[in-house]
1. Report, by residue number, each residue of the range 28-57 that is closer than 22 Å to Arg193 by Cα, part of a strand (DSSP E or B) and among the acidic types (Asp, Glu).
2. Would you mind finding the one in Thr32, Thr89 that is loosely packed, with under 14 Cβ neighbours inside 10 Å and at pLDDT 90 or above?
3. Whether any residue in the range 106-128 is under 17 Å from Val192 (Cβ atoms), assigned by TED's automatic domain parsing to the domain that holds Trp189 and loosely packed, with under 13 Cβ neighbours inside 10 Å is what I want to check.
4. Just need a number here: residues in the range 161-181 that are among the hydrophobic types (A, V, I, L, M, F, W, C) and either outside the structural domain of Ala121 (by TED's automatic domain parsing) or under 11 Å from Leu117 (Cα atoms) (or both).
5. Just checking, does the range 225-237 include any residue being closer than 19 Å to Leu133 by Cβ and modelled with pLDDT of 85 or more?
6. Go through the range 157-179 and give me each residue that's over 26 Å from Ser22 (Cβ atoms) and surrounded by fewer than 20 Cβ atoms within 10 Å (Cβ to Cβ).
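The values are calculated or read from the model by the stated rules, or taken from the named source; none is laboratory data. Since we're looking at a predicted model, the values are computed, not measured. All Cβ positions, even for glycine, are placed from backbone atoms using ideal geometry, and neighbour counts span all protein chains on display.
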Amino acid sequence: MIADCVYWNALLPAAKVNKMPSIIEVKNLRKTYGKTIAVDDVSFDVREGEIFGMVGPNGAGKTTTIECLEGLRKPDRGTIRVLGLDPQTDSQALRKQTGMQLQQSNLPDHMKVWEALDLYASFYADPVDWHELVGQLGLEEKRDAQFGKLSGGQKQRLFVALAILPNPRLVFLDELTTGLDPQSRHAIWELVRDVRAKGRTILLTTHFMEEAERLCDRVAIIDHGKIVAVDTPQALIESLGADDRVSFSLDGGLTPTVREALTLLGKLEIQGDRVVVQGRTKGDEQLVSAVVNQLSGLNVRFHNLQTEQPTLEDVFLQVTGYQTRD
């Protein structure tokens, strides 16, 4: 799909990210379950201080990959270094420096929100103030609520808080906003940006392309257990080579003169009473500016002008296909 607006993302300057040392190094990772190849010869690195995203269809291998990095699953082959440690042999030392929000987690039904946070905080030498997390994630009113009585979104926000609680160098977030309403999702995005701003590194998986585009410095697209693309969201979008689109309505309809003028700017489509110009930016002039200048030069009145530009979701669908996955 092509969104009606261009999303911004709070990225580190690209040059700064490229110069940072790798905090995660994965080489030729492979994991199988019987005859099913979940992760197939995957290699990538995550640089210190960045938000690195992994996106892919259901069953693509995202969760298996992140669980191997966390030391929760043992790979069949390949090498993994996280903070310079082997997740299998140095798991205890690694967990003191990392925070994890798993795709599926649970707590005792009768445990209250504040009890869970207070208990987990006691496990760490320098935890984040959980009172602040409660406010940031909109859980203040549920502070005394039992876990079993929380909604799915509230449980998810609590698990994100528990992942950040250790004040870790590295945070793993697996489908961090699944099941959340827009307000909660934006609150978590702000929290993630705040965590990165304090020098932490974040590796997240997500199904939401908007989320990856807004948050991530770099994104790896994984499909059928293989990484098929890795780059910044903007570079991935530019690599698609997709055209911008400008649509509008004309007073008096599309005359031959206007049609000829607009055709010089790109492909022309008529959708009901809407005119759509599809083309590429030329030089410093944006397509929308070229369209407006052309119409104004011909003294043509137009209204309801909208612009559409390619997004990360377009890249995702292009490289992984359009068929629904179970």
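1. Of everything in the range 28-57, just one residue is closer than 22 Å to Arg193 by Cα, part of a strand (DSSP E or B) and among the acidic types (Asp, Glu), namely Asp45.
2. Thr89
3. no
4. Residues flagged as among the hydrophobic types (A, V, I, L, M, F, W, C) and either outside the structural domain of Ala121 (by TED's automatic domain parsing) or under 11 Å from Leu117 (Cα atoms) (or both) within the range 161-181 amount to 5.
5. no
6. We begin by selecting, within the range 157-179, every residue over 26 Å from Ser22 (Cβ atoms); these are 157-159, 161-162, 177-179.
Within the range 157-179, Thr178, Gly179 meet the criteria.
A quick yes/no check of all residues on (1) touching a Lys or Arg at 6+ places or on another chain (Cβ under 8 Å); (2) exposed (fewer than 15 other Cβ atoms within 10 Å of the Cβ):
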| site | (1), (2) |
| --- | --- |
| Thr205 | yes, no |
| Arg214 | no, no |
| Val219 | no, no |
| Lys226 | no, no |
| Ala229 | no, no |
| Thr232 | yes, no |
| Arg280 | no, yes |
| Ala290 | yes, no |
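Okay, residues lined up against (1) among the small types (Gly, Ala, Ser); (2) closer than 21 Å to Glu213 by Cβ; (3) more than 21 Å from the chain's Cα centre (by Cα):
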{"residue": "Thr32", "(1), (2), (3)": "no, no, yes"}
{"residue": "Val39", "(1), (2), (3)": "no, no, no"}
{"residue": "Val46", "(1), (2), (3)": "no, yes, no"}
{"residue": "Met54", "(1), (2), (3)": "no, yes, no"}
{"residue": "Gly59", "(1), (2), (3)": "yes, no, no"}
{"residue": "Cys68", "(1), (2), (3)": "no, no, no"}
